[in-house]
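Data block below; observations after.
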Amino acid sequence: MNRASNKIAPLAEYIFLCRSGSAPDTQIISDNVKHYLDQITAESGEEPSVEMAANLVKLINYNNKDHLVGAMLIAGWDRHGGGQVYGAPIGGTLMKEKWAIDGSGSTYIWGYCDNEFRDDMTREEAEKWVAEAIALAMTRDSSSGGSIRLITLDGTGAHHKYIQGDQVQQFVGDMPFPAGPPASLPLQGGAAGSMVVG
């Protein structure tokens, strides 16, 4: 488990899966869906739709609901429906939404997201909204973040942006981002040295 690991898996050129829950479970789902979409593209010569990718995630998730623990978001752009977001929570349901969040950090930011979302946001405003929401989740949830990875999708492609942990917005009363490893701690008998906690 690594809070700074990349939890965004590409399914196709314009379609991505955001993963939370059991890392191996969501990784096997993303690998299988990517494989199926690659086959469909090779056979048809056309890019897959976001809805197709979302339905494949749902099918695998639902058919294995007793064995998999993964809450996922499918986000993408296609020429049929433009930008689309689907939520695929644990258990295998699927919902198309204007926006969706999931994972342990989402419980801390539902109110913020509800209050701040607008249909008419510019790309810059939407990216700021997402980055601030993730920063707020990182403030309270020890499994969220470490850094922020943003992918903005539109007809011109997938635009990647990375925000290092020490560049993530801090909020009043939050603990500052650590400047380095902790200093050596005294041992129990008073002798100087380092301590390993596992």
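The values are calculated or read from the model by the stated rules, or taken from the named source; none is laboratory data. As the structure is a prediction and not an experimental result, all values here were calculated from the model. Cβ sites come from the backbone with ideal geometry, for glycine too, and all protein chains shown count toward neighbours. Note: accessible area is taken over every heavy atom of the protein model, side chains too, but ligands, DNA and RNA are not part of it. Shrake-Rupley method; radii C 1.70, N 1.55, O 1.52, S 1.80 Å.
If the condition is being within 20 Å of Ile8 (Cα to Cα) and either not aromatic (Phe, Trp, Tyr) or not in a strand (DSSP E or B) (or both), then the stretch 70-81 contributes Gly70, Ala71, Met72, Leu73, Ile74, Ala75, Gly76, Asp78. Note on the stretch 128-164: residues that are touching a Ser or Thr at 6+ places or on another chain (Cβ under 6 Å) and of a type outside the set (A, V, I, L, M) total 4. Among the residues of the stretch 101-157, the ones that are charged (D, E, K, R), part of a loop (DSSP other than H, G, I, E, B), loosely packed, with under 12 Cβ neighbours inside 10 Å and in contact (Cβ under 8 Å) with a residue 24 or more places away in the chain come to 0 in all. Just so you know, in the stretch 163-180 the residues that are surrounded by 10 or more Cβ atoms within 10 Å (Cβ to Cβ) and assigned to a loop (DSSP other than H, G, I, E, B) include one that is modelled with the lowest pLDDT, and it is Asp174.
Within the stretch 56-97, being open to solvent by 40 Å² or more (accessible area, probe 1.4 Å), over 30 Å from Asp120 (Cα atoms) and of a type outside the set (Val, Ile, Thr) holds for Leu59, Tyr62, Asn63, Asn64, Lys65, Asp66, His67.
Filtering the stretch 32-48 to residues that are surrounded by 13 or more Cβ atoms within 10 Å (Cβ to Cβ) and in a helix (DSSP H, G or I) leaves Asn32, Val33, Lys34, Tyr36, Leu37, Asp38, Ile40, Thr41. If the Cβ limit is 7 Å and pairs must be 6+ apart or interchain, which residue in the stretch 64-77 that is under 11 Å from Ala88 (Cβ atoms) pairs with which residue that is open to solvent by 70 Å² or more (accessible area, probe 1.4 Å)? Listed by first residue and then by second, the contacts come to Gly70/Ile90; Ala71/Ile90.
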